Amino acid sequence: MKILLAEDQSMVRGALAALLSMENGFEITQAEDGDRAWLLMKQHSYDILLTDIEMPGRSGLELAQWVLQQKLPTKTIIITTFGRAGYIRRAIDMGVAGFLLKDAPSEQLIQAIYKVMDGKRVIDGELAMMALGESDPLNDKERRALRLAAEGKTTAEIATVLCLSEGTVRNYLSEAIAKLHAVNRVDAARIARQKGWI
């Protein structure tokens with residue numbers, strides 16, 4: 001079973017890789033961030049994408065969305081420290097097969113991988129209940145612009161990264177601010193991050 005492990009914290013990534021490699025038949029490839037994982041998935045095929053959510057470059061949810069858009073046979077399992085309702089809801093909407101917290105017992109992760117490969121979905125019951133909370137009002141473009149703004153990028157820098165005009169970026173940020181009833185882009189990013197929407 002080919003597993004791509006995307007995790008930006010090297011100690012956590014190393015521990016997970018060591019744990020998984022003890023299981024017979026697991027072949028582990030490591031990616032130190034979302035962009036590296038994306039490049040690897042473009043070059044190779046994997047049975048499982050085991051990914052964190054918040055990473056430099058592409059997030060785990062963006063990777064899951066790409067897998068869905070490309071109609072890849074890869075099954076995505078998210079493993080994170082963040083049990084935010086917005087993250088879980090978006091993950092479910094993107095067809096993520098598993099959603100586990102990093103403090104879950106190691107046997108639970110191994111069992112989840114086998115269940116997912118058998119076509120089942122593994123989402124902790126408490127997390128699934130959280131996902132029934134309020135829905136995300138942001139669209140993808142607003143979310144990406146807000147995420148870059150949260151990283152401290154200027155409107156011009158965001159426009160360059162997203163290949164858009166500065167006016168369009170300002171519109172996306174204004175829409176996000178209005179939808180979240182925020183006072184400015186920093187406040188909007190804070191609200192969206194708390195809810196798990198970026």
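The values are calculated or read from the model by the stated rules, or taken from the named source; none is laboratory data. These numbers were taken from a predicted model, which means no experiment stands behind them. As a convention, Cβ positions derive from the backbone with ideal geometry for all residues, glycine included, and neighbour counts pool all protein chains shown. Note: areas computed on protein heavy atoms with side chains; ligands, DNA, RNA excluded. Shrake-Rupley method; radii C 1.70, N 1.55, O 1.52, S 1.80 Å.
Hey, could you check the stretch 171-191 for residues that are touching a helix residue (DSSP H, G or I) at 6+ places or on another chain (Cβ under 6 Å) and part of a helix (DSSP H, G or I) and say which is nearest to Asp35 (Cα to Cα)? Walk me through how you get there before you give the answer.
Step one: list which residues in the stretch 171-191 are touching a helix residue (DSSP H, G or I) at 6+ places or on another chain (Cβ under 6 Å), which gives 172-173, 175-177, 180, 182, 185, 188-189.
The next check asks that each one be part of a helix (DSSP H, G or I); those that pass are 172-173, 175-177, 185, 188-189.
Values: Tyr172: 24, Leu173: 24, Glu175: 27, Ala176: 25, Ile177: 27, Arg185: 25, Ala188: 25, Ala189: 22 Å.
Checked the stretch 171-191; the qualifying residue nearest to Asp35 (Cα to Cα) is Ala189.
If the requirement is being in a helix (DSSP H, G or I) and modelled with pLDDT under 85, which of these qualifies: Glu126, Glu134?
On the way: Glu134 fails: in a helix (DSSP H, G or I).
Answer to the selection: Glu126.
Working carefully through the options Leu173, Leu148, find the one that is at pLDDT 85 or above, surrounded by 15 or more Cβ atoms within 10 Å (Cβ to Cβ) and farther than 18 Å from Leu61 by Cβ.
Details: Leu148 fails: farther than 18 Å from Leu61 by Cβ.
Testing whether each residue is at pLDDT 85 or above, surrounded by 15 or more Cβ atoms within 10 Å (Cβ to Cβ) and farther than 18 Å from Leu61 by Cβ leaves just Leu173.
If we keep just the residues of the stretch 61-86 that are part of a helix (DSSP H, G or I) and out of contact with any strand residue (DSSP E or B) (no Cβ under 7 Å at 6 or more places or on another chain), which is surrounded by the most Cβ atoms within 10 Å (Cβ to Cβ)?
Of all residues in the stretch 61-86, those part of a helix (DSSP H, G or I) come to 61-69, 85-86.
Subsequent filtering for residues that are out of contact with any strand residue (DSSP E or B) (no Cβ under 7 Å at 6 or more places or on another chain) retains 61-62, 65-66, 68-69, 85-86.
Working: Leu61: 26, Glu62: 22, Gln65: 20, Trp66: 20, Leu68: 15, Gln69: 9, Ala85: 19, Gly86: 23.
Per the criteria, the residue is Leu61.
If I filter the stretch 151-170 down to residues being open to solvent by 50 Å² or more (accessible area, probe 1.4 Å) and touching a Ser or Thr at 6+ places or on another chain (Cβ under 7 Å), which single residue comes out as farthest from Trp197 (Cα to Cα)?
Step one: list which residues in the stretch 151-170 are open to solvent by 50 Å² or more (accessible area, probe 1.4 Å), which gives 151-154, 157, 160-161, 163-166, 170.
Next cut, touching a Ser or Thr at 6+ places or on another chain (Cβ under 7 Å) only: 166, 170.
Numbers: Glu166: 23, Arg170: 19 Å.
Selected residue: Glu166.
So, of the residues in the stretch 87-115 that are of a type in the set (D, E, K, R) and touching a Gly at 6+ places or on another chain (Cβ under 9 Å), which turns out to be surrounded by the fewest Cβ atoms within 10 Å (Cβ to Cβ)?
The initial filter retains those residues of the stretch 87-115 that are of a type in the set (D, E, K, R), namely 89-90, 93, 102-103, 107, 115.
Cutting the leftovers down to touching a Gly at 6+ places or on another chain (Cβ under 9 Å) gives us 89-90, 115.
Numbers: Arg89: 21, Arg90: 25, Lys115: 15.
Here the answer is Lys115.
From Glu23, Glu54, grab the single residue that is in contact (Cβ under 8 Å) with a residue 60 or more places away in the chain and part of a loop (DSSP other than H, G, I, E, B). Steps first, answer last, please.
On the way: Glu54 fails: in contact (Cβ under 8 Å) with a residue 60 or more places away in the chain.
From the options Glu23, Glu54, the qualifying one is Glu23.
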